Amino acid sequence: KAHYRAVTHVTFLEGELVLLSAGEDALIHAWNLVDVLCQSSGGDAKPVATWSEHSLPVTSLSCGKTGGPGALFLSSSLDHSCRVWQLGAKLSLLTVSCPSPVLCCCLDALEQYAYAGGKDGNIFEKCLTEVSRSGGG
């Protein structure tokens with residue numbers, strides 16, 4: 001099984017053979033697409049990375065347009081947060097706290113801003129220019 005509870009979002013990292021999945025179990029997994037395809041032929045796919053910093057279900061994922069080991073992606077959660085992640089990093093680069101549970105999120109085309117939709121009907125914006133691709137933020 002990919003997750004312990006329902007899967008809420010799947011998406012590909014731009015230019016990579018990496019599939020991201022998020023779930024109600026508050027986990028985000030990165031999967032090698034080749035392993036996933038081999039699983040359908042009887043193999044056993046295991047995530048190549050797992051992130052577990054959210055405390056409540058992950059509701060959405062959004063990937064940046066830049067691939068490679070520095071690829072950024074964004075997650076939103078019912079725990080009132082969005083987190084910026086880097087494919088090659090074990091921990092989130094930045095956490096954005098919101099006043100309500102976050103139902104969806106996206107990155108702008110230049111990966112400079114994150115946008116999140118709250119359960120309270122508001123849209124939140126966060127400038128990401130302080131997040132470096134070397135793992136600091």
Review point. In this structure, is LEU19 part of a strand (DSSP E or B) and modelled with pLDDT of 95 or more?
Key: no
Check your understanding: What tally of residues in the range 53-68 results from selecting those that are modelled with pLDDT of 95 or more and open to solvent by 20 Å² or more (accessible area, probe 1.4 Å)?
Key -> 5
Study note, to complete from the structure: In the range 83-94, anything farther than 15 Å from LEU20 by Cα and either open to solvent by 30 Å² or more (accessible area, probe 1.4 Å) or under 9 Å from the mean Cα position of the chain (by Cα) (or both) is listed as LEU91
Point to revise | Residue check, ALA45 outside any strand (DSSP E or B) and either open to solvent by less than 30 Å² (accessible area, probe 1.4 Å) or under 15 Å from GLU111 (Cα atoms) (or both) | key: yes
Review point. Of (1) farther than 21 Å from VAL7 by Cα; (2) touching a residue at least 24 places away in the same chain (Cβ under 8 Å); (3) open to solvent by 30 Å² or more (accessible area, probe 1.4 Å); (4) in a strand (DSSP E or B), GLU125 satisfies all except one. Which?
Key: (2)
**Study point:** Restricting the range 106-122 to residues that are assigned to a strand (DSSP E or B) and open to solvent by 20 Å² or more (accessible area, probe 1.4 Å), the residue that is nearest to VAL10 (Cα to Cα)
**Key:** CYS106
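The values are calculated or read from the model by the stated rules, or taken from the named source; none is laboratory data. Given the structure is predicted, the values throughout are model-derived calculations rather than measurements. No Cβ is skipped: glycine too gets one built from the backbone with ideal geometry, and neighbour counts run over all protein chains shown. These area figures cover heavy atoms from the full protein model, side chains too; ligands, DNA and RNA do not enter into them. Shrake-Rupley method; radii C 1.70, N 1.55, O 1.52, S 1.80 Å.
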